[in-house]
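The values are calculated or read from the model by the stated rules, or taken from the named source; none is laboratory data. Just so you know, these numbers come straight off a predicted model, no measurement behind them. Cβ: placed from backbone, ideal geometry, glycine included. Neighbour counts: every protein chain shown.
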Amino acid sequence: MEPHPSTDEEPTTDEEPTPAPLLELRDGLPPVVSAEDGLREVASALATGTGPIAVDAERASGYRYSARAYLIQLRREGAGSFLVDPIDIVDFDPLTQVLAETEWILHAATQDLPCLTEIGLHPGALFDTELAGRLLGYPRVGLATLVETVLGFRMRKEHSAVDWSTRPLPSPWLEYAALDVEVLPELRDALAEELVAAGKADWAAQEFAALLHHRPAVRRDPWRRTSGMHKARGRRALAAVRALWTVRDQIAADRDVTPGRILPDSAIVAAANALPRDRRALLTTPGFKGRGAERYSSRWVEALAEARSLPDADLPPVAARFDGPPPPRAWADKNPLAAARLQQARADLLALSEERSLPVENLLTPDSVRRVLWEPPAAADDAWEPAVADRLRDLGAREWQVELTTPLLSRALREARPAQPETADTGP
């Protein structure tokens with residue numbers, strides 16, 4: 001790839017480093033395809049190319065409730081780049097067939113795969129440049145940073161948070177989007193070479209294979225993520241937060257608007273504490289301003305009335321229920337031996353992550369570490385390794401992770417001892 005540097009760079013002095021050239025579209029801005037006949041042409045063109053296909057999607061995060069794709073960008077060597085507006089397209093079969101037959105190149109695959117899966121697009125294999133950067137120990141793995149670090153080109157960043165549901169999409173936005181896939185094939189090849197050189201190519205292959213089965217986690221009690229909820233006073237107020245959050249979520253889903261644009265979290269918490277009984281009192285509560293507050297005022301009042309009328313037995317608990325171990329801060333009181341195991345294992349895992357030059361959370365997920373150490377698998381005669389390895393596999397760890405971390409977790413289970421309480425020196 002030989003992108004053309006732009007001519008609008010600031011002049012440099014001898015004391016300043018020469019800035020990396022700005023990445024430019026090699027073939028110019030492609031047209032936006034928004035109909036099925038055009039999509040068939042895109043699929044036919046991609047089929048004539050060679051190598052993997054770079055894939056990206058733009059969503060309207062912060063503007064829309066849904067996580068649907070509002071623009072899909074594609075590029076393949078020998079075929080060129082393509083921009084697809086999927087909103088009015090029903091039949092994606094021609095594209096599905098081409099994409100299923102080759103490797104995809106994505107950056108941060110877990111962000112884009114759900115919205116692409118929603119319209120029937122599934123990779124047969126993939127290479128995630130962000131995850132490759134993590135495995136190689138790059139401290140910053142955003143696309144623009146990796147491109148500048150690895151390839152030596154700057155990328156535009158000014159349209160990263162725009163509303164991609166806007167129609168028509170402005171040309172500068174489209175150029176920004178097209179550049180994301182322009183650079184992915186070269187970045188993929190460079191990172192693949194580095195993975196081989198670092199002895200991590202097999203690790204990456206296992207990670208990429210696992211991504212093919214990625215499904216977004218379903219959050220339990222999502223209303224508990226309301227910002228500022230710790231200020232809610234008592235279980236009755238928590239019930240009010242839950243009721244208001246649920247109504248707001250329903251409205252946001254119906255209108256396909258991000259919930260915070262209907263009513264801010266701060267207003268929910270303020271009303272949960274004040275529990276106003278009528279519209280007039282509600283609209284004097286801090287945060288209840290704007291169209292969403294007034295337009296749906298009757299629904300907010302009904303939600304608060306529901307929370308006030310709940311029997312005490314039906315009020316939500318102050319602490320969230322966990323389907324696994326408690327938060328680590330509670331381990332020392334609840335299970336001192338488990339706390340000692342966790343302390344030792346964390347230190348050993350951190351040392352190993354530094355030795356292998358990758359983030360400790362990529363070495364093994366913190367959740368897997370906690371589950372093994374809080375409730376160890378059964379093992380005869382302290383023969384922890386086989387039992388720990390099986391438990392890690394059950395939790396979804398890849399074989400390279402099992403091989404590296406099983407000895408450390410087994411050591412913690414075998415050797416860790418809780419700290420002895422200090423006793424006062426009473427003298428002889």
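One line per residue, one yes/no per condition, for (1) surrounded by 17 or more Cβ atoms within 10 Å (Cβ to Cβ); (2) outside any helix (DSSP H, G or I); (3) in contact with a Ser or Thr (Cβ under 8 Å, 6 or more places away or on another chain); (4) among the basic types (Lys, Arg):
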| residue | (1), (2), (3), (4) |
| --- | --- |
| ALA339 | yes, no, no, no |
| SER353 | yes, no, no, no |
| GLU361 | no, no, no, no |
| ARG371 | yes, no, no, yes |
| LEU404 | yes, no, no, no |
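Restricting region 222-252 to residues that are outside any helix (DSSP H, G or I) and either more than 25 Å from the chain's Cα centre (by Cα) or not assigned by TED's automatic domain parsing to the domain that holds ASN273 (or both), which is surrounded by the fewest Cβ atoms within 10 Å (Cβ to Cβ)?
For region 222-252, the residue satisfying everything is ARG233.
Looking only at region 266-286, count every residue that is of a type outside the set (Lys, Arg), outside any loop (DSSP other than H, G, I, E, B) and more than 17 Å from ALA307 (Cα to Cα) and tell me the total.
Looking only at that region, the number is 1.
Cβ-Cβ distance below 7 Å, separation of 6 or more or different chains: which pairs start in region 208-222 with a residue that is farther than 23 Å from THR129 by Cβ and end on one that is surrounded by 10 or more Cβ atoms within 10 Å (Cβ to Cβ) and at pLDDT below 95?
What qualifies is ASP221/ALA320.
Quick one: in region 67-79, which of the residues that are part of a strand (DSSP E or B) and touching a helix residue (DSSP H, G or I) at 6+ places or on another chain (Cβ under 7 Å) is nearest to THR166 (Cα to Cα)?
LEU71
Looking at LEU408, is it over 30 Å from PRO222 (Cα atoms), more than 24 Å from the chain's Cα centre (by Cα), outside the structural domain of ARG233 (by TED's automatic domain parsing) and touching a residue at least 12 places away in the same chain (Cβ under 8 Å)?
So LEU408 passes the test.
Just for region 34-66: of the residues that are among the aliphatic types (A, V, I, L, M) and either outside the structural domain of PRO86 (by TED's automatic domain parsing) or assigned to a loop (DSSP other than H, G, I, E, B) (or both), which one is farthest from the chain's Cα centre (by Cα)?
The selected residue is ALA35.
Are there any pairs with C-beta distances below 9 angstrom linking a residue in region 281-310 that is assigned by TED's automatic domain parsing to the domain that holds ARG248 and in contact (Cβ under 8 Å) with a residue 60 or more places away in the chain to a residue that is of a type in the set (S, T, N, Q) and surrounded by fewer than 19 Cβ atoms within 10 Å (Cβ to Cβ), with the two at least 6 apart or on different chains, and if so which?
ALA303/THR246
Just give me the residues in region 121-140 being closer than 16 Å to ALA209 by Cβ and among the aromatic types (Phe, Trp, Tyr), in sequence order.
The answer is PHE127, and nothing else.
Just the residues that are more than 32 Å from the chain's Cα centre (by Cα) and without any contact (Cβ under 8 Å) to a residue 24 or more places away in the chain, please, taken from region 257-280.
Answer for region 257-280, where residues must be more than 32 Å from the chain's Cα centre (by Cα) and without any contact (Cβ under 8 Å) to a residue 24 or more places away in the chain: ALA274, ASP278, ARG279, ARG280.
LEU364: touching a residue at least 12 places away in the same chain (Cβ under 8 Å), of a type outside the set (Val, Ile, Thr) and over 16 Å from ALA210 (Cβ atoms), yes or no?
No.
Spot the failing condition for PHE288; the list is (1) modelled with pLDDT under 95; (2) within 30 Å of TRP400 (Cα to Cα); (3) surrounded by 16 or more Cβ atoms within 10 Å (Cβ to Cβ), and only one is missed.
So PHE288 meets the others, but not (2).
Which of the residues that make up region 145-181 are in a helix (DSSP H, G or I), of a type in the set (D, E, K, R), farther than 30 Å from GLU355 by Cα and touching a strand residue (DSSP E or B) at 6+ places or on another chain (Cβ under 6 Å)?
ASP180
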